[in-house]
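Trainee: Supplied in structure tokens, the structure appears directly below.
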Amino acid sequence: MNLFHLYKDELKGFFKSKVMAFLWVGLPVLVLVLRFLQSNSTDPTVPFILLSALLVSSIGGTLSAVMLSVSIINEKSRHVYELFLIRPVKRAEIILAKFFAVYSCVAVASLIAIFFGIFSDWVTTGVISQTVLTSAGESLAISLSMIAVSCAAGVLIGLVSPSIIVGAILIIYGGNNLSVIPLIPTILGVTDATVFTIGLSCIVTILLLVVAVISFNRKQF
């Protein structure tokens with residue numbers, strides 16, 4: 001069993017969860033509601049791109065991190081990994097399969113949400129301008145970058161947390177703060193902020209996953 005097969009198994013499990021169903025339906029609805037509220041605002045001080053990205057990444061990132069953390073903690077308590085590790089499966093592949101499975105599902109939810117944002121602009125203005133498409137791309141990059149960090153944090157927290165309650169607290173007060181790191185270039189108004197956002201996200205995500213794999217490798221089952 002290699003990484004691809006583990007990924008498919010994890011993807012099937014998360015795909016059927018009610019949380020993912022909520023993300024695929026709920027996030028687009030929330031983006032549309034946000035668009036409606038902003039269109040009625042006489043002084044929108046925060047651009048819609050930033051608001052939608054923060055909304056999608058905050059809710060999607062938190063829920064995905066919680067899903068990963070809870071899944072890992074439950075499997076630890078049920079000694080699932082003991083069954084995996086007696087087979088020729090690398091520990092790193094188990095962790096990476098979970099990360100990529102949840103990240104893929106949430107990425108789909110983000111794409112749907114951004115699409116609905118573009119659709120709302122088309123309904124409002126009757127045309128999809130280059131500015132709208134550029135903003136949509138930047139919004140998607142911000143969302144996916146922050147969600148990647150949240151998922152990686154969820155994996156690490158799930159491995160080190162002794163209980164679901166502790167894991168949830170660490171995600172809310174720790175994982176969410178880490179997910180804001182990729183947003184720093186946008187907040188500071190850096191030139192080509194999207195490129196730096198993706199770069200920071202990759203660095204932080206890889207670091208968290210490396211620490212998670214090292215931690216998992218040192219565990220005794």
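Trainee: Might you let me know whether the stretch 177-185 holds any residue that is of a type in the set (S, T, N, Q) and within 21 Å of Val80 (Cα to Cα)?
Mentor: Filtering the stretch 177-185 for residues of a type in the set (S, T, N, Q) gives 177, 179.
Narrowing the set further to residues that are within 21 Å of Val80 (Cα to Cα) leaves none.
So far as the stretch 177-185 goes, no, none of its residues is of a type in the set (S, T, N, Q) and within 21 Å of Val80 (Cα to Cα).
Trainee: State whether one or more residues within the stretch 99-109 are β-branched (Val, Ile, Thr), out of contact with any Leu (no Cβ under 8 Å at 6 or more places or on another chain) and within 30 Å of Ser77 (Cβ to Cβ). Outline the logic, then answer.
Mentor: Within the stretch 99-109, the subset β-branched (Val, Ile, Thr) is 102, 106, 108.
Retained after the next criterion (residues that are out of contact with any Leu (no Cβ under 8 Å at 6 or more places or on another chain)): 108.
From the residues that got through so far, the ones that are within 30 Å of Ser77 (Cβ to Cβ) too are 108.
The answer is yes, given that some residue of the stretch 99-109 is β-branched (Val, Ile, Thr), out of contact with any Leu (no Cβ under 8 Å at 6 or more places or on another chain) and within 30 Å of Ser77 (Cβ to Cβ).
Trainee: Pick out, from the stretch 152-221, the helices (runs of 4 or more DSSP H) lying fully within it that include 1 or more residues that are over 20 Å from Tyr103 (Cβ atoms) and open to solvent by less than 40 Å² (accessible area, probe 1.4 Å).
Mentor: Output list reads 184-188, 193-218.
Trainee: Also, quick follow-up: When the residues of the stretch 191-210 are filtered to those that are touching a helix residue (DSSP H, G or I) at 6+ places or on another chain (Cβ under 6 Å) and hydrophobic (A, V, I, L, M, F, W, C), which remaining residue is farthest from Ser77 (Cα to Cα)?
Mentor: Looking only at the stretch 191-210, we keep the residues that are touching a helix residue (DSSP H, G or I) at 6+ places or on another chain (Cβ under 6 Å), and these are 193-194, 196-198, 200-201, 204-205, 208-209.
Checking which are hydrophobic (A, V, I, L, M, F, W, C) leaves us with 193, 196, 198, 200, 204, 208-209.
Numbers: Ala193: 42, Phe196: 39, Ile198: 35, Leu200: 34, Val204: 28, Leu208: 23, Leu209: 21 Å.
Result: Ala193.
Trainee: Give the residues of the stretch 112-151 that are modelled with pLDDT under 85, of a type outside the set (Val, Ile, Thr) and open to solvent by 30 Å² or more (accessible area, probe 1.4 Å), sorted by residue number.
Mentor: Phe115, Phe116, Phe119, Trp122, Gly126, Ser129, Gln130, Leu133, Ser135, Gly137, Glu138, Leu140
Trainee: Still on this structure, I have one more. Please find, within the stretch 92-111, the residue that is farthest from the chain's Cα centre (by Cα) out of those that are modelled with pLDDT of 85 or more and of a type outside the set (A, V, I, L, M, F, W, C).
Mentor: So, considering only residues that are modelled with pLDDT of 85 or more and of a type outside the set (A, V, I, L, M, F, W, C), the one farthest from the chain's Cα centre (by Cα) is Glu93.
Trainee: So, one more: Tell me the residue from Ser52, Ser77, Ser69 that is open to solvent by less than 40 Å² (accessible area, probe 1.4 Å) and either in contact with a His (Cβ under 7 Å, 6 or more places away or on another chain) or at pLDDT 80 or above (or both), please. Spell out the reasoning first.
Mentor: On the way: Ser52 fails: either in contact with a His (Cβ under 7 Å, 6 or more places away or on another chain) or at pLDDT 80 or above (or both); Ser77 fails: open to solvent by less than 40 Å² (accessible area, probe 1.4 Å).
Every option except Ser69 fails the conditions.
The values are calculated or read from the model by the stated rules, or taken from the named source; none is laboratory data. Everything numeric in this text was worked out from a predicted model, so none of it was measured. When we count neighbours, we look across all protein chains shown, and the Cβ atoms used for this are built from the backbone with ideal geometry, even at glycine. Surface areas here come from the heavy atoms of the whole protein model, side chains and all, with no ligands, DNA or RNA. Shrake-Rupley method; radii C 1.70, N 1.55, O 1.52, S 1.80 Å.
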